[in-house]
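The values are calculated or read from the model by the stated rules, or taken from the named source; none is laboratory data. Since the structure is predicted, the reported quantities are computational estimates derived from the model, not experimental observations. Neighbour counts are summed over all protein chains in view; Cβ atoms, including those assigned to glycine, are modelled from backbone coordinates with ideal geometry. To get the accessible areas, we keep the full protein, side chains included, count just its heavy atoms, and leave off ligands, DNA and RNA. Shrake-Rupley method; radii C 1.70, N 1.55, O 1.52, S 1.80 Å.
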Amino acid sequence: MGITGAAASAAALGYFAPPDIADTPALLSMGVALLLVGIVVGGVHAGAVAHRDGEMRRLMHYVESVTRGEGRQSKPPRGASLRRVAQAINQGVTLLRQRSEDLAGQKRELEVQLRISDAQRQHAEAILNSIHDSVIVTDAFNELALANESASRVLAFDLQRSSRQPIDEIIHDAALVKLIKDTREGGDASLRRHVEHRMGSNGEAAIYDVTLTCVVDHKQSPPEPSGVVTILRDITREREIAEMKSDFVSSVSHELRTPLSSIKAYLEMLIDGEATDEETRAEFYNIIQSETNRLARLIDNILNISRIESGVVKVQREHISLPTLLKEAIEVMQPQARAKNITLTEMPTPVFFQVFADKDMIYQATLNLISNAIKYTPNDGKVTVSVSVDEHAKMVNVSVVDTGVGVPTEALPHLFQKFFRVSDHKKMAKGTGLGLNLVKQIVENVHGGKVSVTSTVGKGSTFTYCLPMAENVY
């Protein structure tokens with residue numbers, strides 16, 4: 001093997017053998033050729049890379065212009081593959097733009113629906129809060145879904161913080177909670193319950209008419225209750241009025257029966273001829289006349305009170321002098337006072353006072369107070385009528401002071417109630433139990449004044465009514 005073959009073998013084995021001097025020209029020619037090929041290949045590769053980099057930069061520029069909305073004005077870069085990529089991007093951007101516009105339209109529609117829903121909710125809440133009755137709506141989980149302000153006041157819970165809270169945690173009336181749960185769990189979608197329920201302590205108990213109605217979910221088959229609407233209507237005042245009417249009818253019947261029974265009995269005795277002499281007949285006639293007058297007063301008082309309470313009474317207001325009116329009332333009652341040897345006097349009034357009131361009504365109220373004082377004052381007693389003025393309050397005060405038997409402390413709060421009479425006084429004098437109530441109606445309800453009483457058992461009583469001064473009316 002020559003030097004050339006040995007070098008080749010060495011090169012194949014990974015060894016480098018210095019070339020032979022005789023082979024140097026050939027090696028130089030081969031190296032130059034390889035160098036030229038490398039330069040050409042490298043140039044071609046660099047040109048291709050530069051060309052692709054330029055096209056990528058143009059494509060990126062086009063994409064950026066499309067994303068800025070300039071796709072219609074600009075053209076995609078040349079090159080079949082890049083053109084297809086650009087067209088695909090253009091189509092994608094167009095689809096995204098359409099999708100964006102669709103989403104924007106849906107957003108606007110949802111915003112409109114949200115505003116409408118919010119307005120409807122506010123409208124419903126306004127209607128609900130305008131209802132005087134208490135309204136509670138619970139869901140299928142016995143949680144509070146809706147309530148009005150009246151319910152929050154009556155049941156003492158925070159309206160804002162109680163939404164979606166279990167009703168047994170916010171409503172402290174166990175009986176009412178049980179009613180709501182039993183109504184929903186009854187299983188009858190058409191169930192409607194109507195009960196009367198009392199809440200509160202005995203001193204402040206209130207009576208409610210409770211209506212419970214199931215909320216039906218028609219999506220289920222068969223429809224099932226998905227909640228309960230509970231309405232509480234306060235009927236405490238209605239019950240009190242019904243009791244008052246019942247008591248009033250009972251008292252009127254009793255008061256009417258007493259004089260009628262007496263009149264009937266004496267008439268029967270006269271018809272049967274039991275009054276054989278003129279003196280006995282005169283006594284019977286006087287009793288019948290007295291009971292008839294009593295019956296007439298009772299009927300008049302009932303009618304007057306009824307007219308005042310119903311608001312149909314006609315009030316004829318005028319400027320009247322109270323001292324002058326009191327003198328007239330005292331003169332009328334003097335015979336009744338002299339019959340019991342009672343001193344009926346008027347305290348002198350240094351100043352002239354006037355009130356703007358109905359003269360006949362005030363006159364009747366004054367007569368009732370003076371007559372009542374004379375009735376319950378023993379013989380040889382004293383009744384004094386006086387007028388005073390409260391400059392600060394601009395009120396004129398009329399007082400009737402007696403030295404009578406007085407009123408027990410426990411009876412004072414009930415003294416002006418209809419048909420109320422102190423049990424110890426019933427044997428002392430006849431009465432209807434309406435006189436003082438009529439005084440209260442005339443002074444307070446018609447004229448805006450005030451009636452009061454102070455009394456000491458065994459020493460006497462002082463009845464006072466106050467009326468606004470005439471200058472305070474205008």
*Identify, from the list 286, 293, 304, 341, the residue that is of a type outside the set (Ser, Thr, Tyr) and on the phi > 0 side of the Ramachandran plot.*
341
*Residue check: is residue 255 touching a residue at least 60 places away in the same chain (Cβ under 8 Å), in contact with a helix residue (DSSP H, G or I) (Cβ under 6 Å, 6 or more places away or on another chain), outside any loop (DSSP other than H, G, I, E, B) and surrounded by 15 or more Cβ atoms within 10 Å (Cβ to Cβ)?*
yes
*Identify, from the list 446, 439, 422, the residue that is closer than 22 Å to residue 330 by Cβ, in contact with a helix residue (DSSP H, G or I) (Cβ under 7 Å, 6 or more places away or on another chain) and of a type in the set (Val, Ile, Thr).*
439
*Report, by residue number, each residue of region 404-427 that is free of Cβ contacts under 8 Å to residues at least 24 places away in the same chain, open to solvent by 50 Å² or more (accessible area, probe 1.4 Å) and under 25 Å from residue 292 (Cα atoms).*
417, 420, 423, 424, 426, 427
*Taking region 383-403, which residues are free of Cβ contacts under 8 Å to residues at least 60 places away in the same chain, touching an Asp or Glu at 6+ places or on another chain (Cβ under 9 Å) and surrounded by fewer than 19 Cβ atoms within 10 Å (Cβ to Cβ)?*
384, 386
*Give me a count of the residues in region 428-454 that are open to solvent by 30 Å² or more (accessible area, probe 1.4 Å), hydroxyl-bearing (Ser, Thr, Tyr) and in contact (Cβ under 8 Å) with a residue 12 or more places away in the chain.*
1
*Taking residue 449 and the conditions (1) at pLDDT below 90; (2) within 43 Å of the chain's Cα centre (by Cα), which numbered condition does it fall short on, given that it satisfies the others?*
(1)
*asked:* Among the numbered criteria (1) out of contact with any helix residue (DSSP H, G or I) (no Cβ under 7 Å at 6 or more places or on another chain); (2) over 21 Å from residue 234 (Cα atoms), which one does residue 142 miss?
replied: (1)
*asked:* Take the conditions of a type in the set (Ser, Thr, Tyr), under 30 Å from residue 176 (Cα atoms), open to solvent by 90 Å² or more (accessible area, probe 1.4 Å) and not in a helix (DSSP H, G or I) and apply them to residue 226. Does it pass?
replied: no
*In region 385-421, how many are farther than 17 Å from residue 439 by Cα, aliphatic (A, V, I, L, M) and in a loop (DSSP other than H, G, I, E, B)?*
3
*With respect to the numbered conditions (1) open to solvent by 50 Å² or more (accessible area, probe 1.4 Å); (2) in a helix (DSSP H, G or I); (3) of a type outside the set (S, T, N, Q); (4) closer than 17 Å to residue 461 by Cα, which one is the sole condition not fulfilled by residue 373?*
(1)
*Just one of (1) small (Gly, Ala, Ser); (2) open to solvent by 70 Å² or more (accessible area, probe 1.4 Å); (3) more than 24 Å from residue 434 (Cα to Cα) trips up residue 250, so point out which.*
(3)
*Determine which single condition residue 248 fails, assuming it passes every other condition in (1) at pLDDT below 80; (2) more than 30 Å from residue 418 (Cα to Cα); (3) not hydroxyl-bearing (Ser, Thr, Tyr).*
(2)
*asked:* Tell me yes or no: at least one residue of region 408-427 is touching a Gly at 6+ places or on another chain (Cβ under 7 Å) and farther than 25 Å from residue 251 by Cβ.
replied: no
*Which number in (1) open to solvent by 40 Å² or more (accessible area, probe 1.4 Å); (2) touching a strand residue (DSSP E or B) at 6+ places or on another chain (Cβ under 8 Å) marks the one condition that residue 323 misses?*
(1)
_Candidates 113, 98, 106, 122, filtered to the one that is at pLDDT below 85, assigned to a helix (DSSP H, G or I), open to solvent by 70 Å² or more (accessible area, probe 1.4 Å) and over 30 Å from residue 237 (Cα atoms)_ = 122
*Identify the single condition in (1) without any contact (Cβ under 8 Å) to a residue 40 or more places away in the chain; (2) surrounded by 13 or more Cβ atoms within 10 Å (Cβ to Cβ); (3) farther than 30 Å from residue 131 by Cα that residue 236 does not satisfy, given that it satisfies every other one.*
(3)
*List, please: which pairs have Cβ atoms under 9 Å, are six or more places apart or on different chains, and start with a residue in region 313-328 that is farther than 13 Å from residue 352 by Cβ and touching a residue at least 40 places away in the same chain (Cβ under 8 Å) and end with one that is in a helix (DSSP H, G or I) and among the acidic types (Asp, Glu)?*
316/360
_Looking at (1) part of a helix (DSSP H, G or I); (2) under 28 Å from residue 418 (Cβ atoms), which one does residue 283 not meet, given that it meets all the others?_
(2)
*Please tell me if residue 341 is in contact (Cβ under 8 Å) with a residue 60 or more places away in the chain and either surrounded by fewer than 18 Cβ atoms within 10 Å (Cβ to Cβ) or not acidic (Asp, Glu) (or both).*
no
*Output the residues belonging to region 299-346 that are of a type in the set (Asp, Glu), in a strand (DSSP E or B) and under 49 Å from the mean Cα position of the chain (by Cα).*
318
